[in-house]
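Q: The structure under discussion is supplied below as C-alpha cells; questions concerning it will follow.
The values are calculated or read from the model by the stated rules, or taken from the named source; none is laboratory data. As the structure is a computational prediction, the values presented were derived from the model and not from experiment. Cβ atoms come from the backbone with ideal geometry, glycine included; neighbour counts cover every protein chain shown.
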Amino acid sequence: MEQRALGRSGLVVSRLALGTMTWGRDTDEDEAAMQLTAFVDAGGTLVDTADVYCDGESERTLGRLLTDVVPRSDVLVATKAVGRTAPGPMGRGASRGHLLAALDASLERLGLDHVDLWQLHAWDDTTPLEETLAACDAAVASGRVRYVGVSNFTGWQTAQAATWQRAWPGRVAVVSTQVEYSLLQRGVEREVVPAAEALGIGVLAWSPLGRGILTGKYRHSTPSESRGASPQWQGFVDALRTPDSDRIVEAVITAAEGLGTTPLAVALAWVRDRPGVTAPVVGARTAAQLQVSLDAEAVRLPAAIRTALEDVSAPHFSYPERP
C-alpha cells in the first residue's frame, strides 16, 4: 500500500486508514483481529479510533490486539477526544481539564504510553480555542501524543486553529483534519479542503463510501443486515438517500461496470486520489467487507470517468467561494 505524508509533517501513513467505530459492539474481537491482520498485511498502518466509540470498547479492543495479534510498532494509532465520556459539565468538551483527563483514559484503555495522532473530535464553542490548543501542546510535550489533528471542523475553525499554532514558535502544528468526504458529501470542498491545502493539513476522509450508499446495496431496497435497517443508524444513512444521490450511485455503478470492478472500489478510489486527501478512513463490520476495500488499492480511475463522476456529483458553489 502506498504511504503518504500527513500534511506538511514527518508523519507518514498508509493511504487507507482502518476505522474501528464498530469494534466492541457490531464487530467482535475475533473479527477485529482478522481485520487488523489483513490491514497490516496489506501495508496499512493508520488505525483510527475514538474515546466515545462503543463507550470505550473500541479502544480496549484495539489495545488488546496490539498486545496479542499485531506488534505495536507496525501500527500508527489515532484516537480522539472532546465527546462526552462522563456526566456533568466536565464530562465533555475541549477544556484543558477534560482533554487531558480523556487522553489519560484513552491511553489506559489502549494500554499504551502514547498515541501517534490525537484529534479534537469536534469544535467546542464554550472553551477558548487558546486553552484547547495549549492542552494539545502539553500533551505532546509530555510524550503522550506525537501529532495533533482536528475533526469535523468548518473551514474557518480549521484555519483559526492552524494559524494560532503557527503564530508562535514551539507550538504544535495541526497536521490533519478528519471530515466526511465522498461523492455524496462534497461540501468540504467549499472551504475545508482549500484551508487544509493552504495550511499544510492532510485530509482524512471518513465515510468515503457515502455511509454505504455508494456501494449500491441500497439501490433497490434496504438489506436487513445493513446499518440502514438498524434503529441506531437508519436516520444517519437515510439523510444521504435523495434523488440526487440516486443519480450519483447509478453513475458509480456504470463506471464500475465499464472498469470491471466494484462500485465500492470506484467510490473509494475517487476520494483517495482527490487533491488534499491523505487517506480515506474505511470501517467494516467484518473482515470480508474490509477485504473488498483493500482490494481497491490497485484501482485507478481514468480521467474521463473521474470527470464524469465529478460532474454528476458537483457541489453547489456560490458567493463567496465563487463570485
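Residue by residue, here is whether (1) touching a Gly at 6+ places or on another chain (Cβ under 8 Å); (2) at pLDDT below 95; (3) surrounded by fewer than 16 Cβ atoms within 10 Å (Cβ to Cβ) holds:
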residue	(1), (2), (3)
ARG186	no, no, no
LEU209	no, no, no
PHE236	no, yes, yes
VAL252	yes, no, no
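Q: Are there any pairs with C-beta distances below 7 angstrom linking a residue in region 17-41 that is part of a loop (DSSP other than H, G, I, E, B) to a residue that is crowded, with 19+ Cβ neighbours inside 10 Å and of a type in the set (S, T, N, Q), with the two at least 6 apart or on different chains, and if so which?
A: Pairs found: THR20/THR49; THR20/SER58; MET21/SER58; GLY24/SER58; GLY24/THR61.
Q: So, one more: Which one of the conditions (1) without any contact (Cβ under 8 Å) to a residue 40 or more places away in the chain; (2) surrounded by 19 or more Cβ atoms within 10 Å (Cβ to Cβ) does THR158 fail to meet, given that it meets all the rest?
A: Of the numbered conditions (1) without any contact (Cβ under 8 Å) to a residue 40 or more places away in the chain; (2) surrounded by 19 or more Cβ atoms within 10 Å (Cβ to Cβ), the odd one out for THR158 is (1).
Q: While we're on this one: Which of the residues belonging to region 141-162 are closer than 25 Å to PRO280 by Cα and part of a helix (DSSP H, G or I)?
A: Result: GLY155, TRP156, GLN157, THR158, ALA159, GLN160, ALA161, ALA162.
Q: Just the residues that are part of a loop (DSSP other than H, G, I, E, B) and polar (S, T, N, Q), please, taken from region 90-106.
A: Matches in region 90-106: SER95 only.
Q: Being of a type in the set (Val, Ile, Thr), at pLDDT below 95 and in contact with a Leu (Cβ under 8 Å, 6 or more places away or on another chain), is that true of even one residue in region 282-293?
A: yes
Q: Find all pairs meeting these conditions: Cβ atoms under 6 angstrom apart; at least six residues apart or on different chains; first residue within region 51-62 and β-branched (Val, Ile, Thr); second residue in a helix (DSSP H, G or I) and surrounded by fewer than 19 Cβ atoms within 10 Å (Cβ to Cβ).
A: Close Cβ pairs (under 6 Å, with a partner that is in a helix (DSSP H, G or I) and surrounded by fewer than 19 Cβ atoms within 10 Å (Cβ to Cβ)) amount to THR61/GLU29.
Q: Looking only at region 66-88, filter to residues that are outside any strand (DSSP E or B) and polar (S, T, N, Q); which one of those is nearest to ALA101 (Cα to Cα)?
A: Once the filter is applied, the top-ranked residue is THR85.
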